[in-house]
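Notes to accompany the following structure.
Every number in this text was worked out from the coordinates using simple rules, so none of it is lab data. Everything numeric in this text was worked out from a predicted model, so none of it was measured. Don't worry about glycine lacking a Cβ; one is built from the backbone with ideal geometry, like all the others, and counts go over all protein chains shown.
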Amino acid sequence: MPPSPLRIGLLVYPGCMPAGLLAFADLIHAASLLGGQLTTCLVGLDAGPVRCAHGLVLDAEQRLADAQIDALLLPGFWATSLEQIDATMAQHGALVAALAARPATLQLWSYCDGVAFVAAAGRLDGRQATGTWWMLPWFEQHYPKVDWQLALPLVSDDARITASGVHGYLAIAEQVIEHRLGADAYATLTRLMVLPQPERRHPVFARVDVLSQRDALLQKLRHWVRRLPANTLSVALLAGRLAMSERTLARKVATATGDTAANFIRAVKLHQLAERLTTSQKPASSISDDLGFSSDAVMRRMFRQLTGLTPNAYRQHYGRTSLAAGPTRAQKSYKRET
């Protein structure tokens, strides 16, 4: 039996970043050609023109209060500091109130700092949610009733999806299309449209990012670990760079992370290596040399101990590589219908 129609509203509001909305609309249109029974429309606080980021004006077709939709996608806005987020949220109190007034049956999908609107409307209270990692202190301060899981790229339940990053709409589109049509259909669209893969991180490295964002000392420590060659790193050396005793650094890192300073330092350096594994095709041994590991064998042993994977296996699982070619049943169907 074909899926029932799903009407998706794309929220536009002053200053929103529209690129993700438009890209999402293209993906949904492509999925509809495969039989997904999906439609989109632009929704605003009021119907009519809305000036988005960079001066782009989009016309909201429906008013949020009475839009005939089953789900609503909320994009993010430009912000380079937590103070800017405060200022933007203060400007959109009416939008938050309109979201809170919508029935609980409306599915709310949000990404990047657009997650803040759903949290402000109280729709994430008592539930897990994710968002852009550097906003963690702001999220925890303003919405303590939410179980923030910013180490995860996407969190979903029956009525809510939250995703991290400015490209979080991709992860949401993948979730929605795979749920409606299956993984094979989304794989087809990935090949035909040459889509980037949503960023995925190993939980160990996601935790490093989140811990570093929470603590100013860890941020400074992370900076020096990434800057210095791996074979020179020691707690004593880094304590000197941070103008404190070795004992003080060890104590503060243990308090902030629940782990030893040596383990945190090792995880940060291996995270740097993992990033290069996933964004380039350079041999792991060459990356190891570039980052100053004493030997390729030492790097591989440390990497496997931390992640449970070899560098090559990590690259295959987390790397941003295209899916293997080869027409599938869904791909052939797409070609016939277009």
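The figures follow:
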item	result
At 0.890 mPa s and 25 °C, Stokes D of the stretch 203-318 from Kirkwood alpha-carbon radius, µm² per second	170
ARG200-LEU237 pseudo-label distance in nm [points 7 Å out on the Cα-to-Cβ vector]	3.4
FRET E, pair ASP147, SER285, Förster distance 51 Å, beta-carbon r, rounded to 0.05	0.80
Value of D in µm² per second that Stokes-Einstein yields for the chain, Kirkwood Rh from Cα pairs, at 10 °C (1.306 mPa s)	72
Overall Cα dimensions of the stretch 6-192 - principal axes, largest extent first, Å	43, 37, 31
Potential extension, GLU246-GLN37 segment - 0.36 nm per residue separation minus Cα distance	69.1 nm
For the stretch 107-215, convex hull of alpha carbons as volume per residue, Å³	97
Gain upon complete extension [ARG63, ALA297; 0.36 nm per residue less C-alpha separation]	78.2 nm
Global geometry of the stretch 62-118, whether rounded, prolate or oblate, following the gyration tensor of its Cα atoms and the 1.5 cut on a/c	prolate
Tail beyond 13 Å, pair distance distribution of the stretch 91-145 (Cα, percent)	59
Amide proton proximity set for ALA60, modelled H, under 5 Å, gap of 5+	GLY48, VAL50
